[in-house]
Amino acid sequence: MNLTELTAPISNDMKAVDAVIRSRLDSEVVLIRTIGDYIVGAGGKRMRPAMVLMVARALGYQGEIHHLLAAVVEFIHTATLLHDDVVDESDMRRGRNTANAVFGNAASVLVGDYLYSRSFEMMVESNSMPAMAVLSSATTVIAEGEVLQLLNVHDPDVSLERYLQVVRYKTAKLFEAAAQVGAIVAGATPQQEEAAAAYGRHIGTAFQLIDDVLDYTGDVEALGKNVGDDLREGKPTMPLIRVMEIGTAEQKQLVQDAIRTGEADFAAVALAIHETQALDYTRQAAVAEAELARLALADYPVSVHLESLLEFCSFAVERDR
């Protein structure tokens, strides 16, 4: 299944979320509207807001407040992307120039701040203290993950455990919060809420690990970013860590130097990754996480929405972008 097919059961909900996003991006400040329209026009998978909607519907929710909270999740995610691209000095995302490449770093950072602020206004509007607690906590953890990743950049001694901590904080946490909020608005039991959180956490981890794989295998047009960017930015991801764990002395040195400097013979590094089967290792780790996500929802009631949530597990690891 592709993402459009996966989200078909919530297509009307997704349209409602898009309407909320567009209305809440409105501002008297022209530059905020301009960058907001640019971001919305970039599209994106919208997996995180879809998770809010899908979990809520899987637990029988019939209201509309999940539209507002799904938009909050997307705003938080977009704010992190705006800040990420500035920190990473990225110039391409989702197949086109990043906002900072078009409008400058200062504007991107400040509009990212605006999105964070707007998201907190909307959380209050939801009048759900449990949802606010989950989302505000997640925002803090994501920021911690950003700083942890910054500490890891150009450090070839980063362990797999340290790297996975960054993944859990920086990427998986918002997936976890999105799924948990969907359960909260549906009035879930504590067990159902924890199951949703575990599902999102494992899906988010799998999603990031496949991003690690795609950084060395993806087609630039399909992936929407520059293949090899993580290496050029000096980020030690799972495939690189695996080479340093089991590769030859020459392969280890090659990768260590590449991480330290952000400069290397990309083809040589890619060959070392291939020869150590580091991509297969990373993909298998992602599949294991996706299976844990699937198992987390074992006690959820059977429905078309549950079926889509389970299909998300396959999509997360089989995608090519």
query = Which one is surrounded by the fewest Cβ atoms within 10 Å (Cβ to Cβ) among residues in the range 292-320 that are of a type in the set (D, E, K, R) and in a helix (DSSP H, G or I)?
reply = 318
query = How about the range 100-200: which helices (runs of 4 or more DSSP H) wholly inside it have at least 3 residues that are of a type in the set (A, V, I, L, M, F, W, C) and either within 24 Å of residue 289 (Cβ to Cβ) or under 15 Å from the mean Cα position of the chain (by Cα) (or both)?
reply = 129-152, 160-167, 173-185
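Considering only the range 217-229, I want to know if a residue exists there that is at pLDDT 95 or above and among the β-branched types (Val, Ile, Thr).
Narrowing the range 217-229 to residues at pLDDT 95 or above: none.
No, the conditions are met nowhere in the range 217-229.
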inquiry  = As an exercise: evaluate residue 35 against (1) assigned to a helix (DSSP H, G or I); (2) over 19 Å from residue 117 (Cα atoms) and give the number of the one condition it does not meet.
reply    = (2)
message = With the requirement that a residue be in a helix (DSSP H, G or I) and either at pLDDT below 90 or surrounded by fewer than 13 Cβ atoms within 10 Å (Cβ to Cβ) (or both), what does the range 38-72 give you?
response = 38, 39, 40, 41
Residue selected from the range 109-135 under the condition touching a residue at least 12 places away in the same chain (Cβ under 8 Å) and of a type in the set (Ser, Thr, Tyr), by the criterion surrounded by the most Cβ atoms within 10 Å (Cβ to Cβ) = 119
inquiry  = Can you tell me which residue is surrounded by the fewest Cβ atoms within 10 Å (Cβ to Cβ) among those in the range 147-173 that are in contact with a helix residue (DSSP H, G or I) (Cβ under 6 Å, 6 or more places away or on another chain) and over 19 Å from residue 213 (Cβ atoms)?
reply    = 154
Only listed residue being of a type in the set (A, V, I, L, M), at pLDDT 90 or above and within 18 Å of the chain's Cα centre (by Cα), chosen from 213, 304 = 213
query = In the range 81-99, what residues are assigned to a helix (DSSP H, G or I) and either modelled with pLDDT of 90 or more or within 20 Å of residue 71 (Cα to Cα) (or both)?
reply = 81, 82, 83, 84, 99
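The values are calculated or read from the model by the stated rules, or taken from the named source; none is laboratory data. A quick note: this is a predicted structure, and the numbers were derived from the prediction, not measured. Note: ideal-geometry Cβ built from the backbone for every residue, glycine included; neighbour counts use all protein chains shown.
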